[in-house]
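Input: a single structure, listed below in structure tokens.
The values are calculated or read from the model by the stated rules, or taken from the named source; none is laboratory data. Bear in mind that the values here come from a model prediction, so they are computed numbers and not experimental data. Quick reminder, even Gly has a Cβ in these numbers, built from the backbone with ideal geometry, and neighbours come from all protein chains shown. With ligands, DNA and RNA removed, areas are computed over all heavy atoms of the protein, side chains included. Shrake-Rupley method; radii C 1.70, N 1.55, O 1.52, S 1.80 Å.
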Amino acid sequence: MKLRLTVILFTLAVLAGDGDAASFITGGNALRSAVPGIIKSTPVLFCGELDGAVSCYTLEGKKLWRNPSQSPAVLFELAAVDVDNDGRDDLLSASGDGSITCWNANGTLRWRFRGDRKIRFNEVAVLKRGTDLTIFAGGNDRMVYALDRNGKLIDSHEFPGAIRKLEVGDFKKDGEPLLFVMSMKHDKSGWISFGFHDPDHLAKEVASLSPRKRTKRLSGIITDLRVTDLDRDGRDDLMVFINESPTMCVVNGDFEEIAGYDTSKAKDKELRRSKQRYAHTSGISVAPARDEILMQFGRTFYLLDDEGNLKDWSGDISARFPMSDFVYHPAVNRLFGIGSVAGDNGVYEFDLQKDDWWKDHVQPQGRIAEVNRNLETLYKQVVSFVPPAYQKPADKPWVMGYNGEIPDDIAKLKFNEVVMVKQQSWGEDYNRVPIVEAVGAEFGNKRDKRKKYSDTQEDLVRQAREFESEGMPFTVWAGHGSDPFYVSIDTLEAVLEAAPSTCYGFIYAEMANTKDPRIHYFIDQYMPRLAAACRKQGRAKLFFRYKQTFWATTVHMHPWCDLFLSGKYADVLAPATEDTNSTTQELNLSGRVGMFAGGYVNDFAMRLIDDNPTGWRPLAPGRQKTISPFLRSGVMRAAYGARYGVLWNFKGHDGPGLELLMGLMGSGVLPLAEADDLLSIGSWHLMDEIPYEIEERAHGLGHDISQYLESDYERVISCSEVHWGGASVPEYDFSKVLGVDYRWLNFMPELPYGMIPIAPVEYGKQLKQTGTPYVVSDSQSGFVDGQKIPAAQFGPAMLRSAQAGAGRMPVVVKGAAWSAIRLDQTHVRLILIDPGYLDPQERQVEIRFQHRQPVNVTDILTAETFSAEGDRVSLSVPAGSMRFIDLTY
């Protein structure tokens, strides 16, 4: 292994060529952050990985140690300091598992602080005065904790909002350190407290900035904040980066802006147009090596001088891959870029001796380069795939709302029909008096601020007729929680009449608030007419996109159960998700599979949009430069029956795009799954009456990150609100039996016991008839023999049910996200997917056969066969990719 690593490092140094500074690939995965340190006079980098693993490397890439995560959760922040005064820096980490951990310089565990309740820690800062040491920690419970060098609590104080940032510096006077605290209430609306506190008395505020006095450059979501003495006056400053646009400002201890840059104010039109959806702004000062600041916004670099003036920029909004972090090592004046927001494991040095140093490393050389190569291979395999004789074409088409270009070699794959649909977004100017009379002026006159509402009914019907005459399939985004009535019901009916063969339906999003009378009006007045019009037209569907845990829990509440679970609209509904600003994707998938497999809907839909990775907006960036996470997520949903899609037209990425998904569908590699042919469903989870207060917090307060409750951790579906993003889930959480360890981006759960669909409690009658195992809960407590019991006691019952369900399946897979689809009575297609959404890795997978032994096991794309003599087969799934295995009986 050491020899292999040496070869890789040497090869990478050569590949970096063309003037790029050297890089090295770590032995870990998905680097998220790093900090500089010194061990026995040797400069090192301490690195943190997404799932909590930590490691230490020399600047030349020699691994000193690595500790895999023993309690997987998002590792949010690192700090390096000599805790025991032995001349060697030790490592501190803040983890979503609820711990502040101290690692010795040699990688051994020194101590771990957990507090007296479950916390999602995301901040750690250190103050060292001589040999005295104080460690500060904060997270979602609104508290700042002060610890001594041994991890013992010495002080704590509650702040108004979840703790977003802690920093230590001499902000007011040289030699008199203060603790900077920033807290947030709303994850999109900026901070609620922003000030300096006495590090020896946390409750003592020294100075603060009122939210009413913050400037534009201190508004919005602060995505990066660093301490630097930019003006060299002996007092530390705060360098703040905002994500609304490429924006940076530096404020001193008096909250005066001493430097700043805002692209929206630039004279250059190209600069003003460089805004990127869901990109994070981050950066670092490289002084004293150079009087310059590097600012990254998504896929673009900006080079600023030390006053915030623009010196140069990448010149393209997809110029390079976005890095996860930047580290300046002050002992040797060297700068490193860390990983990528897509899950790379490389460390990239920028040569500060060069004037164009910031132009290095346009392409990743680590894990993401491997992922893109794997997707290129998959692409070649798909376009040359010939379906086996036993596979029959689907009798229904895939329907994908996608505006991207389709290459000829994909377009020619016609084993299964793939209908490409163009999504429209309309806003009609019409008489809303009937709506106002029904729901009142307060609600009836509300509009979506993003819409112009300039179209007339005649305009929209004319456009629909044009689409029909051109043969262009289309859908219409027709409503949102901010306004469910973008388009009037009369116009929607007229559009279906005007486009009988090309209108594929209407999209509604985030309409979850049952206190909103417009929702009840929509269900009572719009739905019967819409359903009738869709049935008459014959092909249109009604797509409903929801986030948080809607399809797992809220859908079982009035009035949603009447709409989605009564069966009266099963033929026209297509449940979809808005899986952004949430970290419960596996639950929404389980809920929709339950609706599909249970017969409550005939179809459901996937949603692959560029905001999917932004689970917790302040610390979950978008703009990944590989399509891999979106592709794998789409395949996972399709593998459980989603034949409709709401897709984003991704641009500027490396490697294949979403046309590869169309190729998988059109070629037949990805079979269209009917509910009765899903063989990877084991047991079920049935929902009884859902406590209203839980759903109100999840949906009505969906962006509020200050609503911490200890009881959040004591539920069957625990820690599901946005303020728990990154937190580990307890052993008794339902997500555990789906193969999920922590709340983040679990679009492809491993499913160690197979898929466990969620359905209404009434579905138990059908399950009893077939002897299918199931459990019942209300998402908070469980029910055993009709008795309500706490989640902690219910956990073992869930596990037993899951194990019993797994024992009934013909095959069980370990190590990958997966699905098993029956092609006919003697053939099953296994779909094996790397489950790491932003943590791609080559996965070692075990397939275990039960009850029935296959006579042949074949990879349909490589033609590789595996011995079927035993009861199991082992193979690997490429990083960021997938495999398709046919079992013949």
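Of everything in the stretch 27-40, what is at pLDDT 95 or above and open to solvent by 20 Å² or more (accessible area, probe 1.4 Å)? Give them in sequence order.
Within the stretch 27-40, Asn29, Arg32, Val35, Pro36, Ile38, Ile39 meet the criteria.
I'd like to know if the stretch 274-283 contains one or more residues that are open to solvent by less than 10 Å² (accessible area, probe 1.4 Å) and outside any loop (DSSP other than H, G, I, E, B).
Yes - at least one qualifying residue is present in the stretch 274-283.
Being out of contact with any helix residue (DSSP H, G or I) (no Cβ under 7 Å at 6 or more places or on another chain), among the hydroxyl-bearing types (Ser, Thr, Tyr) and open to solvent by 10 Å² or more (accessible area, probe 1.4 Å) narrows it down to one residue among Tyr742, Tyr732, Tyr774; which is it?
Answer to the check: Tyr742.
Of the residues in the stretch 344-363, how many are part of a loop (DSSP other than H, G, I, E, B), more than 15 Å from Leu303 (Cβ to Cβ) and open to solvent by 10 Å² or more (accessible area, probe 1.4 Å)?
Within the stretch 344-363, residues that are part of a loop (DSSP other than H, G, I, E, B), more than 15 Å from Leu303 (Cβ to Cβ) and open to solvent by 10 Å² or more (accessible area, probe 1.4 Å) number 2.
Could you tell me how many of the residues in the stretch 444-471 are among the hydroxyl-bearing types (Ser, Thr, Tyr) and assigned to a helix (DSSP H, G or I)?
Qualifying residue count for the region: 1.
Among the residues of the stretch 583-598, is any surrounded by fewer than 23 Cβ atoms within 10 Å (Cβ to Cβ) and over 20 Å from the mean Cα position of the chain (by Cα)?
yes
Filter the stretch 684-719 down to the residues that are under 20 Å from the mean Cα position of the chain (by Cα) and touching a residue at least 24 places away in the same chain (Cβ under 8 Å) and list them by number.
Passing the criteria: Ala698, His699, Gly702, His703, Asp704, Ile705, Ile717, Ser718, Cys719.
If you scan the stretch 542-565, which residues turn out to be touching an Asp or Glu at 6+ places or on another chain (Cβ under 7 Å) and under 29 Å from Ala499 (Cα atoms)?
Across the stretch 542-565, the qualifying residues are Arg545, Tyr546.
Please find, among Asp395, Asp429, the residue that is within 30 Å of Leu887 (Cα to Cα), over 28 Å from the mean Cα position of the chain (by Cα) and free of Cβ contacts under 8 Å to residues at least 40 places away in the same chain.
Asp395
Restricting to the stretch 381-421, name every residue that is open to solvent by 50 Å² or more (accessible area, probe 1.4 Å), closer than 19 Å to Phe630 by Cα and out of contact with any helix residue (DSSP H, G or I) (no Cβ under 8 Å at 6 or more places or on another chain).
The one that is open to solvent by 50 Å² or more (accessible area, probe 1.4 Å), closer than 19 Å to Phe630 by Cα and out of contact with any helix residue (DSSP H, G or I) (no Cβ under 8 Å at 6 or more places or on another chain): Asn403.
Could you pull out the residue among Leu75, Leu15, Leu5 that is at pLDDT 95 or above and not small (Gly, Ala, Ser)?
The unique qualifying residue is Leu75.
Output the residues belonging to the stretch 648-664 that are closer than 18 Å to Asn374 by Cβ and not charged (D, E, K, R).
Scanning the stretch 648-664 gives Phe650, His653, Gly655, Pro656, Gly657, Leu658, Leu660, Leu661, Gly663, Leu664.
Filter the stretch 603-643 down to residues that are aromatic (Phe, Trp, Tyr) and over 18 Å from Asn372 (Cα atoms) and give me whichever is modelled with the lowest pLDDT.
Trp616
Go through the stretch 544-566 and give me each residue that's open to solvent by less than 10 Å² (accessible area, probe 1.4 Å) and part of a strand (DSSP E or B).
Phe544, Tyr546
Tell me which residues, restricted to the stretch 472-511, are open to solvent by less than 10 Å² (accessible area, probe 1.4 Å), aromatic (Phe, Trp, Tyr) and assigned to a strand (DSSP E or B).
Phe474, Phe506, Tyr508
Suppose the filter is open to solvent by less than 30 Å² (accessible area, probe 1.4 Å) and of a type in the set (Val, Ile, Thr); does Thr514 pass it?
For Thr514, the condition - open to solvent by less than 30 Å² (accessible area, probe 1.4 Å) and of a type in the set (Val, Ile, Thr) - is not met.
Yes or no: Ser55 open to solvent by less than 40 Å² (accessible area, probe 1.4 Å) and touching a helix residue (DSSP H, G or I) at 6+ places or on another chain (Cβ under 7 Å)?
No, not satisfied.
Scan the stretch 247-275 for residues that are at pLDDT 90 or above and in contact with a helix residue (DSSP H, G or I) (Cβ under 9 Å, 6 or more places away or on another chain) and jot them down.
Result: Thr247, Met248, Cys249, Val251, Phe255, Glu257, Gly260, Tyr261.
Against the definition (in contact with a His (Cβ under 8 Å, 6 or more places away or on another chain), of a type in the set (Gly, Ala, Ser), under 30 Å from His186 (Cα atoms) and buried (at least 23 other Cβ atoms within 10 Å of the Cβ)), how does Ser633 come out, yes or no?
no
Might you check whether a residue that is in contact with a strand residue (DSSP E or B) (Cβ under 7 Å, 6 or more places away or on another chain) and of a type in the set (Phe, Trp, Tyr) occurs anywhere in the stretch 430-443?
No - not one qualifying residue is present in the stretch 430-443.
Condition first: over 27 Å from Leu50 (Cα atoms), touching a strand residue (DSSP E or B) at 6+ places or on another chain (Cβ under 9 Å) and open to solvent by 60 Å² or more (accessible area, probe 1.4 Å). Can you find one or more residues in the stretch 327-343 that meet it?
no
Go through the stretch 361-392 and give me each residue that's in contact (Cβ under 8 Å) with a residue 12 or more places away in the chain and more than 28 Å from the chain's Cα centre (by Cα).
Gln381, Val383, Phe385, Pro387, Pro388, Tyr390, Gln391, Lys392
Among (1) touching a residue at least 40 places away in the same chain (Cβ under 8 Å); (2) polar (S, T, N, Q); (3) out of contact with any strand residue (DSSP E or B) (no Cβ under 7 Å at 6 or more places or on another chain), there is one condition Gln353 misses while meeting the rest; what is its number?
(1)
Inside the stretch 855-889, can you point out the residues that are open to solvent by 40 Å² or more (accessible area, probe 1.4 Å) and among the polar types (S, T, N, Q)?
Asn856, Thr862, Thr865, Ser867, Ser874
Give the residue, chosen from Val669, Val722, that is buried (at least 24 other Cβ atoms within 10 Å of the Cβ) and under 20 Å from the mean Cα position of the chain (by Cα).
Step by step, each of Val669, Val722 is checked, and only Val722 is buried (at least 24 other Cβ atoms within 10 Å of the Cβ) and under 20 Å from the mean Cα position of the chain (by Cα).
Only one of Ile119, Ile135 is open to solvent by less than 50 Å² (accessible area, probe 1.4 Å), assigned to a loop (DSSP other than H, G, I, E, B) and either modelled with pLDDT of 95 or more or closer than 23 Å to Tyr742 by Cβ (or both); which?
Ile119
I need every pair where a residue in the stretch 274-290 that is free of Cβ contacts under 8 Å to residues at least 60 places away in the same chain and of a type in the set (D, E, K, R) has its Cβ under 9 Å from the Cβ of a residue that is in a loop (DSSP other than H, G, I, E, B) and open to solvent by 40 Å² or more (accessible area, probe 1.4 Å), sequence separation at least 6 or different chains.
Lys275/Glu244; Lys275/Ile317
Quickly run through the stretch 284-310 and pick out the residues that are assigned to a strand (DSSP E or B) and either charged (D, E, K, R) or under 20 Å from Trp616 (Cα atoms) (or both).
Across the stretch 284-310, the qualifying residues are Glu292, Gln296, Phe297, Asp305.
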